[in-house]
Amino acid sequence: RYQASIVSSYFNVLVQYGDQHQVLGFRDLIEVKASNESDIDVQLRNPEHDLTRAIKRVLNTYQAGGNLFDTVPGKVAFNAYISPDAALPEQLAVFRKGVEAVADKFQQESGGRFSVNIIDPDANGGEVARRIAEDYGLRPMATSLLSNDRFYFYLTLAHGDQAVQIPLEDMSEASFERNLKAGIKRFASGFTKTVALVTPGPAVPGMMPYGMPQGPRFDELQNFLGAELTVQPEDLSDGSVSGEADILLLMAPSELDDKQLFAIDQFLMQGGTVIAATSPFSASFANQQLNLLPHQSGLDEWLGHHGLKIEHELVLDPQNAAFPIPVSRNLGGFQVQEVRMLDYPYFVDVRGKGLNGDSPVTSDLPQVTVNWASPITVAGDQQGDRQITKLLSSSDQSWVSTSTDVMPRFDRNGLSDWQPSGAQQS
């Protein structure tokens, strides 16, 4: 009981597969909870999740280094819809030779599981041209804005009933080979998904000392996603999305131009998944003031084309999370400042029937707080064949406001001073 000693011990879990391994150390496996300075509880965090993730990572890494076609069930067809060289611009005619060389190499390495088909869409009276226009929306391209010459140059992969289009980046063999591998991996099992992350540009140098708010950063999100996914920064200014990307994640997009919107739309049309975290407002705290400023994402028209509209309003809900604010009190001539948790209806607390219990996204969530939320409306006449799934809804006592005065308000007793206005509904 009265002895003290130092003991060196091991607490590591090694997960190994082939020549790949991952070590889970003590800090990776535990969770420390402290209710006060003297009551500290150390427990295993979630060993099932941690071990499963480690097994998946070493398995995926090992498979990525082996024969790509070993992970693809069945056969893959490379269908290149290309016009004759005489109809192609000079750069594409040169690029075609590189495409054929890479495709032939893959065909030789596949053991008969990869076929190469170079097809002229205008042959046989344009029968193929009509079919690919109807099935995939592939239409002839023009050599220039003022030219009537048309040509085809589309590269696709087909596996069963699935088909993906291979993007054209810098017309080099290296980029085509990289995008071809990424396309084949979409049909494979066990590979780690790749997330293309689009974030706002860095803050303008020299502006921080003058009270200019710094733009949002997403370092923690990137680190969190990187634990199970491959995350790579994406720049849409070149009008394309990396061919390796499975998911395009737009975080607080700002002033997107037509070229960037074209890249987003093409990625979606090619079978990718787009997740956009966007708002018509941006919040900032400067000079002891909480400000809400208009924010132009550039997505409004594109979202409207898909039947979605983010209203330029804010949702307020009596079912909300509290806002901590310092309040001064006069105690016998002394000013004492204390922190009070005030009701703040702009922090919408979504729980219960406000969460979609049938969706895997929200079914296991007990509660979500949404800060400075704007309502999303679906245009019924534009919905068409789209399937819309509502995930979060405010309570039926909530209301909307166009005011951007979001500073917490309280009365002389230090209580929240927000009153509903207008119609109250979910």
Counting only residues that are more than 30 Å from VAL231 (Cα to Cα) and open to solvent by less than 40 Å² (accessible area, probe 1.4 Å), give me the strands (runs of 3 or more DSSP E) lying completely in region 27-130 with at least 2 of them.
76-82
Of all residues in region 324-337, which are open to solvent by 40 Å² or more (accessible area, probe 1.4 Å) and under 15 Å from ASP411 (Cα atoms)?
PRO326, SER328, ARG329
When the residues of region 171-195 are filtered to those that are of a type outside the set (D, E, K, R) and over 28 Å from GLN91 (Cα atoms), which remaining residue is modelled with the highest pLDDT?
VAL195
Considering GLN424, GLN337, GLN319, GLN382, which residue is touching a Ser or Thr at 6+ places or on another chain (Cβ under 9 Å) and modelled with pLDDT under 80?
GLN337
In region 338-348, is there at least one residue being out of contact with any Asp or Glu (no Cβ under 9 Å at 6 or more places or on another chain), surrounded by 19 or more Cβ atoms within 10 Å (Cβ to Cβ) and among the aromatic types (Phe, Trp, Tyr)?
yes
Flagged in region 271-305 as surrounded by fewer than 16 Cβ atoms within 10 Å (Cβ to Cβ), modelled with pLDDT under 90 and part of a loop (DSSP other than H, G, I, E, B), in numbering order, are GLY271, ASN287, GLN288
Residues that are open to solvent by less than 80 Å² (accessible area, probe 1.4 Å) and either out of contact with any Asp or Glu (no Cβ under 7 Å at 6 or more places or on another chain) or modelled with pLDDT of 85 or more (or both), drawn from region 397-413:
SER398, TRP399, VAL400, SER401, SER403, THR404, VAL406, MET407, PRO408
I'd like to check something: does region 143-160 contain any residue that is assigned to a loop (DSSP other than H, G, I, E, B), over 14 Å from VAL241 (Cβ atoms) and touching an Asp or Glu at 6+ places or on another chain (Cβ under 6 Å)?
yes
Here the residues within region 129-184 that are within 17 Å of ARG96 (Cβ to Cβ), charged (D, E, K, R) and more than 27 Å from the chain's Cα centre (by Cα) are ASP149, ARG150, GLU173
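The values are calculated or read from the model by the stated rules, or taken from the named source; none is laboratory data. Every value quoted in this text rests on a predicted model; they were computed, and no experiment measured them. Heads up, the Cβs are rebuilt from the backbone with ideal geometry, glycines too, and the neighbour counts pull from every protein chain shown. Heavy atoms of the whole protein, side chains included, go into the accessibility calculation; ligands, DNA and RNA do not. Shrake-Rupley method; radii C 1.70, N 1.55, O 1.52, S 1.80 Å.
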